[in-house]
Amino acid sequence: MERTDLLHLYRQMLLIRRFEEKSAEMYALAKIAGFLHLYIGEEAVAVGAIAALRPDDYVISAYRDHGYCLARGSDPGRIMAELFGKATGLCKGKGGSMHLIDCEKRFMGGYAIVGGHIPLATGLAFATKYEQGDGVTVCFFGEGAFPSGQAHEAFNLAALWKLPLIFMCENNRYGMGTPVHRAVALYSDIAETARSYGLPAERVDGMDVLAVRSLMEQTVKRVRAGQGPAFVEALTYRFMGHSMADPSHGHYRTREEVEEHRQRDPLVLLQRTICDHDLGSDADFKQLEHEVHEQVAAAVTFAETSPFPEPSALYEDVLVTE
Amino acid sequence: MLLSYREALNQAMREEMRRDARIFLIGEEVGYYQGAFKVSKGFVEEFGPQRVLDTPITEAGFTGLAIGAAMAGLRPIVELMTLNFGILAMDQIVNNAAKIRYMSGGQISVPMVIRGPGSAAHQLGAQHSQSLEAWFCHVPGIKVVAPSTPHDAKGLLKSAIRDQNPVLFIEAQLLYGTKGEVRDGEYTIPIGEAEVKRSGSDVTVVAYSKMLLLAMDAAEELSREGIDVEIIDPRTLWPLDVDTIVASVRKTGRVVIVEEGWRFCGLGAQIADSVYSVAFDYLDGPIIRVTGEDVPMPYSRKLEDAAIPDRPRVIEAVKQVLGRG
């Protein structure tokens with residue numbers, strides 16, 4: 001284990017955590033509207049998985065997408081500006097929270113029809129293979145999307161055509177308010193269903209960023225080498241409600257259950273590992289808190305001071321006009 | 001040279017695939033089977049299975065794959081065995097193909113063609129006989145093309161393949177075997193331009209795809225009765241070339257719109273609205289629409305014939321709009 005590396009992973013997770021907390025605050029102040037799905041609790045999945053990738057690999061996800069975009073290295077200011085609906089946002093204010101897209105970072109977007117982006121991932125991977133590149137695509141989706149028909153069409157096509165694609169099933173236990181055991185037949189081992197398509201499939205502790213990265217490094221290596229697609233199930237938990245409209249506990253899960261999972265907060269787990277190995281001190285963590293606080297504050301200032309789109313922008317970008 | 005509509009499509013795709021290695025054809029039975037309607041005859045032999053991809057029966061899956069490939073810079077042609085099956089891919093077409101450019105603030109383009117036959121053939125029943133162009137035209141972000149002749153089919157398909165946007169390309173089973181003169185050598189026809197298929201002075205008939213042939217037939221018969229029909233083929237349904245239609249209306253003052261799709265919320269209603277809003281003062285009377293009946297398509301030949309516009313109905317509508325009904 002190496003100090004700089006671990007502190008970097010911690011910093012990335014911390015940035016997502018503080019960014020999301022600030023987003024919730026901005027939502028409460030009505031600076032952000034619409035649907036807002038926070039990634040708090042699941043940071044280790046995005047950070048661990050994306051740490052195993054190259055900058056030219058593709059990443060695509062569902063709508064709880066701030067974490068991937070930040071982990072991919074997008075400018076937090078432009079993400080916050082997008083949430084504010086400002087012209088300086090990643091998507092000029094046309095996408096919003098659920099449709100963050102940053103082509104430069106090869107983050108091909110956030111999609112909000114459950115299961116609908118999974119076939120797109122096969123296409124990104126297909127293009128890489130068609131052009132004989134050695135890039136891979138990672139497709140993040142929740143266990144709520146797993147039973148959807150489009151997911152299974154994509155599993156089959158990817159396996160059939162040996163596409164360089166990793167399906168990352170982020171099992172946070174609830175599709176909105178429906179627990180996984182009421183939605184997926186083989187809920188106790190989702191990866192087992194994936195294996196029936198011929199996809200090598202593994203399960204990982206999604207609260208442990210090092211475990212996620214380690215499994216992803218091995219998986220990416222095989223996929224990059226042309227051995228076909230793979231499936232990873234990361235067991236995680238969202239600490240907040242499904243969206244800002246949903247309290248963190250209540251109708252479908254208890255406060256005790258949420259508290260129990262909070263004991264395995266991915267940031268706390270990594271901090272403990274770092275301290276146990278004497279690779280970081282309180283001063284280091286304080287310094288990181290300070291840096292991230294400044295970064296998020298700057299993102300908010302950028303969003304606040306940015307202009308809203310001009311009315312003329314309404315009709316721009318519908319089609320490519322030559 | 002004289003070509004069938006099917007051969008014209010085949011030529012268009014073949015020429016474009018020879019020109020640009022990023023273009024690939026994907027769909028059910030497009031390869032070794034040579035296409036369900038033989039449009040891709042000889043393709044897998046010439047271009048190989050890497051560029052001519054037979055898929056499992058998964059319209060959402062392979063349409064989504066093609067959209068993803070277009071996002072990454074390839075130029076897919078998706079063949080839907082019939083556009084009825086496109087309903088299974090509607091989420092991909094409507095939520096992804098049509099919206100990704102806008103949602104991304106212009107970062108991503110989706111240059112692709114989704115093509116296949118729409119409308120009824122003969123007694124294929126309710127699920128295989130639909131004219132769904134109004135569904136596609138309703139969604140901003142995709143162009144919709146529906147050529148009626150082999151010449152237009154070739155030129156427009158080449159333009160569609162070269163377009164930077166998703167283009168829904170509507171063919172018809174009953175058009176595949178029809179023949180017509182096709183210009184020799186390289187040519188394209190711009191998307192968004194209607195054509196006057198027959199000039200006349202008494203009444204404007206707007207008709208596209210298979211219905212264009214019906215309108216031409218009816219016009220022939222009407223000319224023997226001294227009625228001079230002008231026929232406009234929009235060729236592209238979105239964006240609609242309203243100017244060419246209106247230029248004709250200014251001349252004739254009377255309009256009949258023929259479409260095979262259902263009447264309620266049909267494309268003809270939109271065409272009529274477009275004419276009313278800019279050319280109301282040039283009209284001598286209300287626009288008359290000849291449409292499919294608002295029923296699922298029945299199997300029985302007698303009933304099917306009753307559900308689809310035919311020559312007597314077009315002739316009757318023309319006479320009615322001229323006050324000779």
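Points to keep in mind about this one:
- Treating r as the C-beta distance of A:Thr301 and A:Arg3 and R0 as 35 Å, the FRET efficiency rounds to 0.65.
- Using C-alpha pairs below 8 Å separated by at least 6 residues, the relative contact order for chain B is 16 percent.
- Counting Cβ atoms of other protein chains within 10 Å of each residue's Cβ and taking the mean over peptide B:207-213 gives 0.
- Each residue of the stretch B:173-190 is assigned a 3J(HN,Hα), and the resulting list reads 4, 7, 8, 3, x, 6, 10, x, 6, 10, 4, 6, x, 6, 7, 10, 10, x Hz, derived from the Karplus form 6.51 cos²θ - 1.76 cosθ + 1.60 (θ = phi - 60°), x at Gly and Pro.
- Note, ³J(HN,Hα) from phi for the stretch A:91-102, Karplus 6.51, -1.76, 1.60, rounded to Hz, x at Gly and Pro: 10, 6, x, 9, x, x, 3, 7, 10, 5, 9, 9
- Relative contact order %, chain A, counting alpha carbon pairs below 8 Å whose residues are six or more apart: 24 percent
- Mean separation of Cα contacts under 8 Å, 6 or more apart, over the residue count of the stretch A:71-222: relative contact order %: 14 percent
- Two-decimal ratio, chain B, of alpha-carbon radius of gyration to 2.2 N^0.38 Å: 0.98
- Each other residue within a Cβ distance under 14 Å of B:Ile170 adds +1 if Lys or Arg and -1 if Asp or Glu, for a net charge of -3.
- Most simply put, the protein assembly as shown has about 15% antiparallel DSSP beta bridges, counting only bridges with both residues inside it.
- Highest-first packing order for the peptide set A:48-61, A:281-294 is A:48-61, A:281-294, based on the mean count of other beta carbon atoms within 10 Å.
- Across the options B:Ala194, A:Val136, B:Leu3, the greatest Cα extent toward the positive end of the charge dipole of the protein assembly as shown (unit charges at beta carbon of Lys, Arg, Asp, Glu) belongs to B:Leu3.
- Volume in Å³ per residue [convex hull over Cα atoms, computed for the protein assembly as shown]: 165 Å³
- Those lysines that a straight Cα-Cα span of less than 18 Å connects to A:Lys94, excepting residues fewer than 8 apart in one chain: A:Lys31, A:Lys86, B:Lys99
- Unit charges at the beta carbon, dipole of the stretch B:224-325: most positive-side option, B:Pro312, B:Phe280, B:Val246: B:Pro312
- Ordering of B:147-153, A:117-123 by burial proxy (mean other Cβ atoms within 10 Å per residue, highest first): A:117-123, B:147-153
- Helix-only CD estimate at 222 nm, as mean residue ellipticity for chain B, using -39500 (n - 2.57) per DSSP H run (n ≥ 4): -10000 deg cm²/dmol
- Positive-end ranking of A:Met216, A:His251, A:Gln271 along the dipole of the stretch A:157-279, with charges on Cβ about the Cα centre, is headed by A:Met216.
- Charge dipole (debye, nearest 20) of the protein assembly as shown; +1 at Cβ of Lys and Arg, -1 at Cβ of Asp and Glu: 620 debye
- Candidates per trypsin sites (Lys or Arg not before Pro) in the stretch A:142-219, loop by DSSP, up to 11 other Cβ within 10 Å: none
- Each DSSP beta bridge with both residues in chain B is either parallel or antiparallel, and the antiparallel ones are about 20%.
- Placed amide H near B:Gly118: partners under 5 Å, 5+ positions off or other chain: B:Leu83, B:Glu171, B:Ala172, B:Gln173
- Highest-first packing order for the peptide set B:257-263, A:215-221, B:171-177, B:300-306 is B:257-263, B:171-177, A:215-221, B:300-306, based on the mean count of other beta carbon atoms within 10 Å.
- Where only C-alpha atoms are counted, convex hull volume of the stretch B:200-325 per residue in Å³: 101 Å³
- For B:Phe24, distant residues with modelled amide H under 5 Å away: B:Arg75, B:Ile77
- Mean projected area of the convex hull spanned by the Cα atoms of the stretch B:147-230, taken over all viewing directions: 6.3 nm².
- Taking amide H atoms as placed 1.01 Å from N in the peptide plane, the amide H of B:Ile232 lies under 5 Å from those of B:Lys197, B:Val205, B:Val206, B:Ala207, each 5 or more residues away in sequence or on another chain.
- Magnitude of the charge dipole for the stretch A:132-261, about its Cα centre and with charges confined to Cβ atoms of Lys, Arg (+1) and Asp, Glu (-1), is about 360 debye.
- Candidate aspartates and glutamates - alpha carbon under 18 Å from A:Lys129, same-chain residues fewer than 8 apart omitted: A:Asp56, A:Asp57, B:Asp20, B:Asp54
- Charge dipole (Cα centre; +1 on Lys/Arg Cβ, -1 on Asp/Glu Cβ; no other charges) of the stretch A:1-130 amounts to roughly 260 debye.
- The stretch A:26-183 shape via C-alpha gyration tensor axes, a/c threshold 1.5: oblate
- Phi-derived couplings, Karplus 6.51 cos²θ - 1.76 cosθ + 1.60 at θ = phi - 60°, listed residue by residue for the stretch A:299-304: 4, 5, 4, 4, 5, 4 Hz, with x used for Gly and Pro.
- Lysines with Cα under 16 Å of B:Lys158, excluding same-chain neighbours fewer than 8 positions away: B:Lys143
- For the residues of A:312-322, the average number of beta carbons from a partner chain within 10 Å of their own beta carbon is 5.
- Listing A:Cys169, A:Cys103 from fewest to most neighbouring C-beta atoms within 10 Å gives A:Cys103, A:Cys169.
- FRET E, pair B:Glu45, A:Arg262, Förster distance 41 Å, beta-carbon r, rounded to 0.05: 0.10
- Estimated D of chain A in µm² per second, where Rh is the Kirkwood radius over Cα pairs and Stokes-Einstein applies at 20 °C, 1.002 mPa s: 107 µm²/s
- Residue order for B:Lys251, A:Lys22, fewest other beta carbons within 10 angstrom first, comes to B:Lys251, A:Lys22.
Here, each number is a calculation from the coordinates, and none is a lab measurement. It should be emphasised that the depicted structure is a prediction, and the values quoted were computed from it without experimental measurement. Because the Cβ atoms are built from the backbone with ideal geometry, glycine has one as well, and the counts that use them run over all protein chains shown.
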